[in-house]
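Some notes on the structure that comes next.
The values are calculated or read from the model by the stated rules, or taken from the named source; none is laboratory data. What you see is a predicted model, and the numbers here were worked out from it, not measured in a lab. Please note: Cβ atoms are built from the backbone with ideal geometry, for glycine as well, and neighbour counts cover all protein chains shown. Just so you know, the surface numbers come from the protein's heavy atoms only, side chains and all, with ligands and any DNA or RNA stripped out. Shrake-Rupley method; radii C 1.70, N 1.55, O 1.52, S 1.80 Å.
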Amino acid sequence: MTSLAKSPEQKELFGHPVGLYILFFTEMWERFSYYGMRAILVLYLVQATTDANPGLGWSNGEALALYGWYTMLVYVASIPGGWIADKFIGQKKSVLYGGILLVAGHSILAIEEYWAFYTGLGLIVAGVGMLKPNISTMVGGLYKQGDIRRDKGFTIFYIGINIGAFLSSLIVGYVGEVHGWHYGFGLAGIGMALGLLQYLVGQKYLRNVGNFLGVSENKAEKEAMKKPLTKIEKDRIVVLMISFLLVIIFWGAFEQAGGLMNIYAKEKTNRMLMGWEVPASWFQSLNAMFIIFLGTTVAAYWAKKKLQGNLSTSLFKMIIGLIIMGTGFFFMSAAASQFESAGSSAMYWLVLAYLFHTVGELCISPVALSYITKLAPLKYGSLMMGIYFAMTGFGNKLAGLLGESAEGLGEFTVFTGIASFCILFGGLVLVFRKKLEILTHGAEDDEHEITEEEKVATANN
């Protein structure tokens, strides 16, 4: 008896569709370019114009204000990016066009002119808006409804994001600070070009995902595009919108990393290590490094709880993530207190803060991505993902406003206030969690039974 060979889009690697790894590396290089530029943006803005490696000479407040607007717009652009994909061209083409815009934007930033600076930022905003929501939605599309591998797939995808972020903070950060800011910006563009190239090469593994539903031959998909939303779908959208409040607050706190914590590392932290001064931008790599090492561990912890009969819903994980991340800011409060008394603060406070922030992020960010693909109506899949990233953008803007307030309130007050609010808000949502989960109508209850092989794999992790 002969067996038919699997088509490219059906092939698997390490128990997941090969397409996952194509998207993994595309997003890895996109995040290399974005986080590399982010690691040096504020430092470039505040660097004096008279230094050997001159910046723009802005004040800390001015730099953090631009940082807040820029990082907000990058993610808010995901709403039109998701809408364009759903209504006109599909997710696959949106990712392609977004990648092209990003290569152009990062490359233009390498030119030392004000027009190039703002043009480059504008192209990056448009590029991320086209790419970010659609590539995440494509990951969910690789798995059938109820496939228990979906959450694990998003964790693997998320590790790819952070490999890019880790490498970029070290490489682009070093090149920018030591050899020239614009060399760093240009290097970020090269990274995105590599990501775009491998995305094009891997298209054969993505034939059945990310296509425009308006021209789909699938009968169920055609009907889903025409039918009005059902009561269940509307309830699920309500739950998603409420969960997005957690997202805004989480990123409003977390994104102090690229702004206030970045400046704090440069100006108020003793960065001497065995006679060598650690570049301030390198601290941006800690979060990504911790995710690479802890990503599968956190995912395995939640999977083990499920095996033991202690089902932890996505909403519960997100709440816990916010509380853990908020707790990490108490270490920054300790750093600020030490600086006030001793004139400098130790590096280990930053390391501990980033560790807690990372564990919190692993409980909320990849989980939220998976949660959206479970609850969002098919015809609004990319749009809902775009709204999620827009909420991330509003969180980024909030982060900029909080960072600016430190000039008047002081770092200790800002860090302690962030920690306290995150913990209190997380506790409040926890009180109403079960009532909210009723509105999901069992969206997370229809996953197939865990096989013996999966039990063994989880135990080994």
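Based on this model, can you work out whether Val76 counts as open to solvent by 30 Å² or more (accessible area, probe 1.4 Å), within 19 Å of Gly400 (Cβ to Cβ) and β-branched (Val, Ile, Thr)? It is true that Val76 is open to solvent by 30 Å² or more (accessible area, probe 1.4 Å), within 19 Å of Gly400 (Cβ to Cβ) and β-branched (Val, Ile, Thr). For the range 140-162, a residue qualifies if it is part of a helix (DSSP H, G or I) and among the aliphatic types (A, V, I, L, M), and the qualifying residues are Ile156, Ile159, Ile161. Quick one: what pairs do we get from the range 242-257, first residue among the polar types (S, T, N, Q), second open to solvent by 10 Å² or more (accessible area, probe 1.4 Å), C-beta under 6 Å, 6+ apart or different chains? Partner pairs satisfying both residue conditions: none exist. Counting the residues of the range 127-168 that are of a type in the set (S, T, N, Q) and touching a Leu at 6+ places or on another chain (Cβ under 7 Å) gives 1. Taking the criterion of being surrounded by fewer than 18 Cβ atoms within 10 Å (Cβ to Cβ) and either aliphatic (A, V, I, L, M) or part of a helix (DSSP H, G or I) (or both), the residues of the range 395-411 that qualify are Leu401, Ser405, Glu407, Gly408, Leu409. The residues of the range 96-131 that are open to solvent by 10 Å² or more (accessible area, probe 1.4 Å) and within 25 Å of Leu13 (Cα to Cα) amount to a single one, Leu96. Do you know which of the residues in the range 1-37 that are among the acidic types (Asp, Glu) and open to solvent by 10 Å² or more (accessible area, probe 1.4 Å) is modelled with the highest pLDDT? Selected residue: Glu12.
All conditions but one from (1) open to solvent by 60 Å² or more (accessible area, probe 1.4 Å); (2) closer than 30 Å to Glu340 by Cα; (3) modelled with pLDDT of 90 or more apply to Leu245; the one that does not is (2).
Are any of the residues in the range 317-326 closer than 30 Å to Thr413 by Cα, assigned to a helix (DSSP H, G or I), touching a Ser or Thr at 6+ places or on another chain (Cβ under 7 Å) and of a type outside the set (Gly, Ala, Ser)?
So far as the range 317-326 goes, yes, one or more of its residues are closer than 30 Å to Thr413 by Cα, assigned to a helix (DSSP H, G or I), touching a Ser or Thr at 6+ places or on another chain (Cβ under 7 Å) and of a type outside the set (Gly, Ala, Ser).
The set of residues in the range 262-309 being over 21 Å from the mean Cα position of the chain (by Cα), surrounded by 15 or more Cβ atoms within 10 Å (Cβ to Cβ) and among the polar types (S, T, N, Q) consists of Thr269, Asn270.
For the range 43-82, residues that are of a type in the set (Phe, Trp, Tyr) and touching a Ser or Thr at 6+ places or on another chain (Cβ under 7 Å) total 1.
Determine if the range 274-281 includes at least one residue that is in a helix (DSSP H, G or I) and at pLDDT below 85. Yes: one or more hits. If the condition is being in a helix (DSSP H, G or I) and small (Gly, Ala, Ser), then the range 15-37 contributes Gly19, Ser33, Gly36.
If you filter the range 38-60 down to residues that are modelled with pLDDT under 85 and either under 16 Å from the mean Cα position of the chain (by Cα) or assigned to a helix (DSSP H, G or I) (or both), you find that the one that is surrounded by the fewest Cβ atoms within 10 Å (Cβ to Cβ) is Asn60.
Counting the residues of the range 388-443 that are of a type in the set (S, T, N, Q) and more than 25 Å from the chain's Cα centre (by Cα) gives 1.
Does Lys397 count as closer than 22 Å to Cys422 by Cα, in contact with a helix residue (DSSP H, G or I) (Cβ under 8 Å, 6 or more places away or on another chain) and not aliphatic (A, V, I, L, M)? Judged against the criteria, Lys397 is a match.
Against the condition open to solvent by 20 Å² or more (accessible area, probe 1.4 Å), touching a residue at least 40 places away in the same chain (Cβ under 8 Å) and either within 22 Å of Thr313 (Cβ to Cβ) or not in a loop (DSSP other than H, G, I, E, B) (or both), how does Leu369 come out, does it pass? Considered against the rule, which asks whether it is open to solvent by 20 Å² or more (accessible area, probe 1.4 Å), touching a residue at least 40 places away in the same chain (Cβ under 8 Å) and either within 22 Å of Thr313 (Cβ to Cβ) or not in a loop (DSSP other than H, G, I, E, B) (or both), Leu369 comes out as no. Residues being within 14 Å of the chain's Cα centre (by Cα) and surrounded by fewer than 22 Cβ atoms within 10 Å (Cβ to Cβ) are entirely absent from the range 338-346.
Please find, among Gly295, Gly309, the residue that is among the small types (Gly, Ala, Ser), out of contact with any Leu (no Cβ under 8 Å at 6 or more places or on another chain) and more than 22 Å from Ser59 (Cα to Cα).
Result: Gly309 is the single residue among Gly295, Gly309 that is among the small types (Gly, Ala, Ser), out of contact with any Leu (no Cβ under 8 Å at 6 or more places or on another chain) and more than 22 Å from Ser59 (Cα to Cα).
Results for (1) in contact (Cβ under 8 Å) with a residue 24 or more places away in the chain; (2) in contact with a helix residue (DSSP H, G or I) (Cβ under 7 Å, 6 or more places away or on another chain); (3) not β-branched (Val, Ile, Thr), shown as yes or no for each residue.
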| residue | (1), (2), (3) |
| --- | --- |
| Met28 | yes, yes, yes |
| Ile40 | yes, yes, no |
| Gln47 | yes, no, yes |
| Leu64 | yes, yes, yes |
| Thr71 | yes, yes, no |
| Phe88 | yes, no, yes |
| Val95 | yes, yes, no |
| Ile124 | yes, yes, no |
| Met130 | yes, yes, yes |
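In the set Phe432, Phe356, Phe415, only one residue is without any contact (Cβ under 8 Å) to a residue 40 or more places away in the chain and surrounded by 18 or more Cβ atoms within 10 Å (Cβ to Cβ); that residue is Phe356.
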